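Please read the structure below before turning to the comments.
The values are calculated or read from the model by the stated rules, or taken from the named source; none is laboratory data. In this text, all values refer to a predicted model and were calculated from it rather than measured experimentally. No Cβ is skipped: glycine too gets one built from the backbone with ideal geometry, and neighbour counts run over all protein chains shown. Ligands, DNA and RNA are excluded from the accessible area calculation, which covers all protein heavy atoms including side chains. Shrake-Rupley method; radii C 1.70, N 1.55, O 1.52, S 1.80 Å.
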Amino acid sequence: MSTLRIDLGAPRAFKPGETIDGRVSWQVDAAPQSAELRLFWYTRGKGTQDVGNVGSVPFATPQTSDSRSFTLALPRDPYSFSGKLVSIVWALELIVEPGSNVERQEFVMSPTGAEVVVGESAGEPVRV
Amino acid sequence: MKARENPFASERIIHAIRYTHADGDVGTVVARLAALRYRAAIVGPHGAGKTTLLEDLACELERRGYRTTLMQLGTDDRRLPATWPASAACLGAQDIVCLDGAEQLSYGAWLWFRWRARRAGGLIVTSHARGRLPLLVECSTSADLLERIVRRLSPAPVDGAPACADLFHRHRGNVREALRELYDVYAAL
């Protein structure tokens, strides 16, 4: 059984332009051919999903059981956002191939460190 | 309710109910496609899962080493991509052309499209009616199917949510539109 982990520390909220320092680890059954951490945002809501790939960190010569540190710079936008029709969600995804070994870790990016919320639910504490 | 928490967000629907047809899983459908020499049609009414099945098939065929070209036609845009004639000229045995909404093409346009795709290793289309290519799968819906999908996405019904049987009949069997109505119901919570 495969285990993948993305450790961002706490809290999982960042400001635009900030740098994310973290650590990934994995244990997989078969010798991996590649391992990569991807930084992206995506929309979730009623309509067609949109995705923006921002950056990635490839990990050279990955082992079956491995742990690596990473540093990724966040852009200035878009902010983490939620309305009733659409949300923008930031995430990191660790992909170890071959196989379907994927781990996703969502986080918040905004000037206040909290998701921008519009509509009736404004003011609620952010839950990621 | 925030969009990202809505159980009927499109991403959740797609991930939660990847199409499993009553006749078998995607692997079984690919085997049937091979028996039809990779030229076949997925047939069914609006919102019955044709597009989802076509996308699943394309993913499975890519996994098996084919190159897939997916094109979508709708009532708002009935034209094939401007790049299609040029890309059709480069098709080969490893290419599978997937056309979603083949019924949008006139009969003449369909014949022209099929001729252009003749060099491709495969051609899969979705359509509302039989007749354009041999039948691969006939998609259908039912109130029970909608109920199962809804319970998978939202195990506990919320106050004010319409009954699945009522939703199904009001949307005339269009499961996609029924799930969109439920999105709005949950968004208002």
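In chain B, Cα pairs under 8 Å separated by at least six residues give a relative contact order of 32 percent.
Within segment B:4-157, DSSP assigns beta bridges of which about 5% are antiparallel (rounded to the nearest 5).
Please give the average number of partner chain Cβ atoms lying within 10 Å of the Cβ of each residue in A:37-44, rounded to a whole number. Walk me through the numbers on the way to the answer.
Numbers: counts 0, 0, 0, 0, 0, 2, 5, 9.
Across the residues of A:37-44, the mean count of other-chain Cβ atoms within 10 Å is 2.
Here the label points at A:A91 and B:R130, each 7 Å from Cα along the C-beta direction, are separated by 4.1 nm in the simple model.
If Lys and Arg each add +1 and Asp and Glu each add -1, what is the summed charge of the other residues whose beta carbon sits under 11 Å from the beta carbon of B:E11? Please report the intermediate quantities before stating the final value.
Working: positive: A:R44, A:K46, B:R4, B:R12; negative: A:D50.
So the surrounding residues net to +3.
Over the protein assembly as shown, what is the percentage of antiparallel beta bridges among all DSSP beta bridges, to the nearest 5? Counting DSSP beta bridges with both partners in the protein assembly as shown, the antiparallel share is about 65 percent.
The mean accessible area for residues of the protein assembly as shown, using a 1.4 Å probe and ignoring ligands and nucleic acids, is 51 Å² per residue. If I fit a long axis through the Cα atoms of helix B:175-187 and take the longest principal axis of the Cα atoms of chain B, what angle between them do I get, 0 to 90°, rounded to 10? Approximately 40 degrees, to the nearest ten.
Give me a single rounded figure for A:77-83: the average over its residues of other chain Cβ atoms within 10 Å of their Cβ. If you can, show how the numbers build up before the last one.
Numbers: counts 0, 0, 0, 1, 3, 5, 4.
Per residue, the average neighbour count from other chains is 2.
Placing +1 on the Cβ of every Lys and Arg and -1 on the Cβ of every Asp and Glu, with no other charges, gives the protein assembly as shown a dipole of roughly 1000 debye about its Cα centre. Applying 1/(1 + (r/R0)^6) with R0 = 22 Å to the Cβ-Cβ distance of A:D66 and A:M1 gives a FRET efficiency near 0.85. With a 10 Å cut-off around each Cβ of A:46-54, the average count of Cβ atoms from other chains is 2.
Between B:R176 and B:R78, the C-beta separation translates, for a Förster distance of 22 Å, into a calculated FRET efficiency of about 0.65.
With a 1.4 Å probe and all protein chains left in place, how much of the accessible area of segment A:19-128 comes from carbon and sulfur atoms, in whole percent? The nonpolar share, carbon plus sulfur, comes to 49 percent. Electrostatic bookkeeping for B:P162 treats Lys and Arg as +1 and Asp and Glu as -1; over the other residues with beta carbon under 9 Å from its beta carbon, the sum is -1.
Cα centroids of segment A:56-97 and segment B:111-125: 39 Å apart. For B:K2, the lysines whose Cα comes closer than 27 Å to its Cα, not counting residues fewer than 8 places off in the same chain, are A:K15, A:K46, A:K84. Local charge sum around A:P16 (other residues, Cβ-Cβ under 10 Å, Lys/Arg +1, Asp/Glu -1)? With Lys, Arg at +1 and Asp, Glu at -1, the net is 0. In segment B:1-139, taking the dipole from charged Cβ atoms about the Cα centre, the farthest positive-side position among B:A93, B:A9, B:Y38 is held by B:A93. Relative contact order, whole percent, for segment A:1-116 stands at 34, derived from Cα pairs under 8 Å and 6 or more residues apart.
Working from Cα pairs under 8 Å separated by at least six residues, relative contact order for segment B:1-94 is 21 percent.
How many square angstrom of accessible surface are buried between A and B, both sides summed, with a 1.4 Å probe and rounding to 100?
On the way: alone 7480 and 10260 Å², together 16270 Å².
Chain pair A/B: roughly 1500 Å² of buried accessible area.
Quick one: helix B:26-35 against the long Cα principal axis of chain B, what's the angle to the nearest 10°, folded into 0 to 90? That works out to roughly 30 degrees.
When chain B is treated as a GNM with alpha-carbon contacts under 10 Å, the residue of B:I96, B:I13, B:I124 showing the greatest mean-square fluctuation is B:I13.
Place the peptides B:133-144, A:88-99, A:54-65 in order of packing, highest mean first, counting for every residue the other Cβ atoms within 10 Å and averaging per peptide. Walk me through the intermediate numbers first.
Working: B:133-144: 17.5, A:88-99: 19.8, A:54-65: 13.2.
By packing density, highest mean first, the sequence is A:88-99, B:133-144, A:54-65.
Please find the FRET efficiency linking B:E11 to B:A31, where r is the Cβ-Cβ separation and R0 is fixed at 35 Å, and quote it to the nearest 0.05. Mind dumping the intermediate values first?
Values: r = 29 Å, r/R0 = 0.84.
Efficiency computed from Cβ-Cβ geometry: 0.75.
Projecting the Cα atoms of B:W84, B:T28, B:L135 onto the charge dipole of segment B:3-151 (Cβ charges, centred on the Cα centre) puts B:W84 farthest toward the positive pole.
With 0.36 nm allotted per residue and the present C-alpha distance subtracted, the A:D50-A:D29 stretch has 4.3 nm of extension available.
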